[in-house]
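Presented below is the structure to which this report refers.
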Amino acid sequence: MVLIETQDLVKSYPGVTALDSLSLSVEPGIIGLVGPNGAGKSTLIKILLGLVPATSGQAHVLEADTAGESVRIREIVGYLPEHDCLPGELSASEFVVHMARMSGIPTSAARERTAETLRHVGLYEERYRQMSGYSTGMKQRVKLAQALVHGPRLLFLDEPTNGLDPEGRDEMLDLIERTGNEFGISIVMSSHLLNEIERVCETLIVIEEGKLLQAGRISDLTDITSILLVEVDERADELARRLTEQGLPATADGRRVELEIDPEQVALAQEVVVQSVVDLNLSLLRLEQRRRQLEDLFEAAPPPGGTRQES
Amino acid sequence: MTGPATTEAAPRGEIYDIGYQPYDGPRLGRAFAIRSLYLLSLRNAFGLGRGALPKVVAFGLILLAFIPAIVQIITAAVVPIDEFEFIRPHEYYQFIQIIMALFVAGLSSDLVGNDRRHGVLALYFSRPILRVDYAVAKLAALATAMLAVTLLPQVVMFGGNWLGASDAWEWVKANGDDFGPIIATGLLMSLMLASLGILCAAYAVRRSLAVIAVLVVFIVPWATAQIVVDVSDADLTRYIVFFSPVHVTTGFTLWLFDAFPTVTFRSAGGDIEDVLAFVDFPGVVYLVLAFVYGGIAGLIAFTRFRSPS
């Protein structure tokens, strides 16, 4: 089943094109939506929820059309907005019960599920207190609870770690991961921090200035090539040239040589490296293989526009 | 961060606690969601489920709106009603005009303004409702709450007068005709004021501004109309009463009670009835205007909520 599908999705505001002919197709799972501030992440989420109409193009969520069937979509989808959205004078418990009913859950079930959901996100006795006294971390948990309480099949989380301290960030990411994995709820989570996405998500969608830059499983994106790192005592450039001649494109950087290779060719490449080092009569200080990280992808091909991360 | 993050760390041992579960029970959809929003808004209107201050304000204003009714009932209990009647139903709203305005101002700011201020609208609109459903639920809740200061005091006064009458049957024969207009004006008054209130609150997000806006809508045109009609002789200026909600509500009330003033002598502009008599439009015009104003205000407010914010 396809979770989300868009075709040539365009959203323009007067003077600004927020989404520029965006086409993508996403399978269920935990999906990271990455891009700098203003890339169009929030706009995309709002269109998928049917909150904002697209200028042109089509979008389907859980096989329902966002233009004509938005009410049906919103019945089985949860949304955690980026900004503050909690009425301070209510308690978390009252508020989440109300939000469950607003999703069409009968009152008695809404009460039961509110208690369970608030416990799930880690709110206990404080759920009966007015929310105006809550910390940012507690507020984020209530926001997650209201998105979860009606048992959605898909969650949209817009910058769920915004404003949290490092510890709160870790706890929120754990919570998101558990929610996705234990209950089989698909999650689309936007963030401008790559390491957060890498930690929690299986699939990655990168957008910038409303355009799709990259989409796919994170393991596929990072496993395409392995990196072999060689450190020698001297003449690294000579080693690099020799390896390149033997069909292993290598670059030298100080005393280091880096090779990008097919993961299945690692053993063979290592042999060639060792042989070359011996031939050149060098001392091998280090020979290390590592998987590519998301950061490497972006360093290799910096997205247009330059300002990639402002955390 | 307070409290541990994991559910394992909560050995509270509720027997029925099976933790978070996927939901496969019934989903009652849009109509149920709208009803839930209406009921919660109505509760909030009276300060229920909120702090002490909103309750005091709401019930304080309701009490004030009942004072003319209470005075009348007490009078009727002492002096037989056929000898002396302190206040007639068609005059009632003029006594509590300012209370109705305050009530609708505070209420619309609470019901609509609070959601805007706290950003809750985004959450409501992520639920299976349409934007217009939100506006309808809020307007319905506000209009229903308004009945507490419009219809309810009148009904209580009607009942009290009846009980105080020396001959209940004779009294009904003489005053029974008032009951229909009491219901009609109560409903119409509530709906029109609620529409104007929602309109003000939809645009003035800050609470103080919203309250001031509502008061300005009622008081400034009223005072202007009173003065202009009094000092000017030109035929055109009499249309100014069409732009004053207070004159419109008074106009349709008097007309529905069949008590529309017909005296057209020149008098000081202190009394609304005198002004309405002087400008000399047929009473039904004010009824039409009430619908037009309510409709326009409601429509503008609905459009306001329809545009994504």
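Among (1) under 29 Å from residue B:204 (Cβ atoms); (2) over 20 Å from the mean Cα position of the chain (by Cα); (3) of a type outside the set (Ser, Thr, Tyr), which single condition is residue B:149 missing?
It is condition (2) that residue B:149 fails.
For the stretch A:56-69, state whether one or more residues are within 9 Å of chain B (Cβ to nearest Cβ) and surrounded by 18 or more Cβ atoms within 10 Å (Cβ to Cβ).
no
Would you confirm whether any residue within the stretch A:174-187 is part of a helix (DSSP H, G or I), of a type in the set (Ser, Thr, Tyr) and at pLDDT below 95?
Yes: one or more hits.
Of the conditions (1) at pLDDT 90 or above; (2) touching a Ser or Thr at 6+ places or on another chain (Cβ under 8 Å), residue B:287 satisfies every one except a single condition; which number is it?
Among (1) at pLDDT 90 or above; (2) touching a Ser or Thr at 6+ places or on another chain (Cβ under 8 Å), residue B:287 violates only (2).
If you check residue B:89 against the conditions, is it surrounded by 14 or more Cβ atoms within 10 Å (Cβ to Cβ) and over 25 Å from residue A:91 (Cα atoms)?
Yes; evaluated as a whole, the condition is true for this residue.
So which pairs qualify, if the first residue must be in the stretch B:23-40 and at positive phi, the second must be buried (at least 19 other Cβ atoms within 10 Å of the Cβ) and part of a helix (DSSP H, G or I), the Cβ gap must be under 7 Å, and the two must be at least 6 apart or on different chains?
B:29/A:75
If you check B:216, B:220, B:211, B:284, which single one turns out to be surrounded by fewer than 16 Cβ atoms within 10 Å (Cβ to Cβ), touching a Cys at 6+ places or on another chain (Cβ under 9 Å) and either of a type outside the set (S, T, N, Q) or farther than 23 Å from residue B:107 by Cβ (or both)?
B:216
How many of the residues in the stretch A:77-99 are in contact with a Pro (Cβ under 9 Å, 6 or more places away or on another chain), over 13 Å from residue A:157 (Cα atoms) and more than 7 Å from chain B (Cβ to nearest Cβ)?
Counting residues in the stretch A:77-99 that are in contact with a Pro (Cβ under 9 Å, 6 or more places away or on another chain), over 13 Å from residue A:157 (Cα atoms) and more than 7 Å from chain B (Cβ to nearest Cβ) gives 1.
Among (1) closer than 24 Å to residue B:134 by Cβ; (2) within 21 Å of the chain's Cα centre (by Cα), which single condition is residue A:34 missing?
The single condition residue A:34 does not satisfy is (1).
Given the options B:117, B:127, name the one that is buried (at least 20 other Cβ atoms within 10 Å of the Cβ), of a type in the set (Lys, Arg) and more than 18 Å from residue B:152 (Cβ to Cβ). Full working, then the answer.
On the way: B:117 fails: buried (at least 20 other Cβ atoms within 10 Å of the Cβ).
Every option except B:127 fails the conditions.
Which of the residues spanning the stretch A:191-211 are part of a strand (DSSP E or B) and farther than 10 Å from residue A:32 by Cα? Break it down into steps so the answer makes sense when it comes.
Residues of the stretch A:191-211 that are part of a strand (DSSP E or B), as a first pass: A:191, A:203-208, A:211.
Listed by number, the residues that qualify are A:207, A:208, A:211.
Considering each residue of the stretch A:26-47, count those that are within 17 Å of residue A:10 (Cβ to Cβ) and away from every other protein chain (no Cβ under 11 Å), and give that number.
Residues that pass the stated criteria total 6.
For the stretch A:65-72, indicate whether the set of residues that are under 23 Å from residue A:169 (Cβ atoms) and modelled with pLDDT under 90 is non-empty. Before you say what the answer is, go through the steps one by one.
The initial filter retains those residues of the stretch A:65-72 that are under 23 Å from residue A:169 (Cβ atoms), namely none.
Looking through the stretch A:65-72, none of the residues is under 23 Å from residue A:169 (Cβ atoms) and modelled with pLDDT under 90.
Determine which single condition residue A:138 fails, assuming it passes every other condition in (1) facing another protein chain (nearest Cβ under 9 Å); (2) outside any helix (DSSP H, G or I).
Checking residue A:138 against (1) facing another protein chain (nearest Cβ under 9 Å); (2) outside any helix (DSSP H, G or I), the one that fails is (2).
Test each condition in (1) over 24 Å from residue B:26 (Cα atoms); (2) within 14 Å of chain B (Cβ to nearest Cβ); (3) of a type in the set (D, E, K, R) for residue A:202 and report the one that comes out false.
Failed condition: (2).
What about residue B:105, is it under 27 Å from residue B:296 (Cβ atoms) and not hydroxyl-bearing (Ser, Thr, Tyr)?
yes
Report yes if residue A:109 is among the hydrophobic types (A, V, I, L, M, F, W, C) and buried (at least 22 other Cβ atoms within 10 Å of the Cβ), otherwise no.
Values: among the hydrophobic types (A, V, I, L, M, F, W, C): yes; buried (at least 22 other Cβ atoms within 10 Å of the Cβ): no.
No; evaluated as a whole, the condition is false for this residue.
Whether any residue in the stretch B:211-227 is over 19 Å from residue B:100 (Cα atoms) and free of Cβ contacts under 8 Å to residues at least 24 places away in the same chain is what I want to check.
First, pick out the residues of the stretch B:211-227 that are over 19 Å from residue B:100 (Cα atoms): B:224-227.
So of that shortlist, the ones also free of Cβ contacts under 8 Å to residues at least 24 places away in the same chain come out as B:224.
Yes: the stretch B:211-227 contains one or more residues that are over 19 Å from residue B:100 (Cα atoms) and free of Cβ contacts under 8 Å to residues at least 24 places away in the same chain.
Only residues in the stretch A:157-179 that are free of Cβ contacts under 8 Å to residues at least 24 places away in the same chain count as the first member; pair them with residues that are crowded, with 19+ Cβ neighbours inside 10 Å, Cβ under 7 angstrom, at least 6 apart or cross-chain, and list the lot.
A:174/B:5
Note down all Cβ pairs under 6 Å where the first residue falls in the stretch A:107-122 and is farther than 21 Å from residue B:34 by Cα and at the interface with chain B (Cβ under 9 Å from one of its Cβ atoms), the second is part of a helix (DSSP H, G or I) and of a type outside the set (S, T, N, Q), and they're at least six residues apart or on different chains.
Qualifying pairs under 6 Å: A:117/A:145; A:117/A:148; A:121/A:141; A:121/A:144; A:121/A:145; A:122/A:141.
Here is a check on your reading of the model: is residue A:231 among the acidic types (Asp, Glu), in contact with a strand residue (DSSP E or B) (Cβ under 8 Å, 6 or more places away or on another chain), surrounded by 15 or more Cβ atoms within 10 Å (Cβ to Cβ) and touching a residue at least 24 places away in the same chain (Cβ under 8 Å)?
Working: among the acidic types (Asp, Glu): yes; in contact with a strand residue (DSSP E or B) (Cβ under 8 Å, 6 or more places away or on another chain): yes; surrounded by 15 or more Cβ atoms within 10 Å (Cβ to Cβ): yes; touching a residue at least 24 places away in the same chain (Cβ under 8 Å): yes.
Spelling it out, residue A:231 is indeed among the acidic types (Asp, Glu), in contact with a strand residue (DSSP E or B) (Cβ under 8 Å, 6 or more places away or on another chain), surrounded by 15 or more Cβ atoms within 10 Å (Cβ to Cβ) and touching a residue at least 24 places away in the same chain (Cβ under 8 Å).
Only one of (1) out of contact with any Phe, Trp or Tyr (no Cβ under 9 Å at 6 or more places or on another chain); (2) over 19 Å from residue A:30 (Cβ atoms); (3) at the interface with another protein chain (Cβ under 10 Å from one of its Cβ atoms); (4) not charged (D, E, K, R) is not met by residue A:172, so which one is it?
Of (1) out of contact with any Phe, Trp or Tyr (no Cβ under 9 Å at 6 or more places or on another chain); (2) over 19 Å from residue A:30 (Cβ atoms); (3) at the interface with another protein chain (Cβ under 10 Å from one of its Cβ atoms); (4) not charged (D, E, K, R), only one is false for residue A:172: (2).
The values are calculated or read from the model by the stated rules, or taken from the named source; none is laboratory data. Given the structure is predicted, the values throughout are model-derived calculations rather than measurements. Using ideal geometry, Cβ is built from the backbone for each residue, glycine included, and neighbour counts are taken over all protein chains shown.
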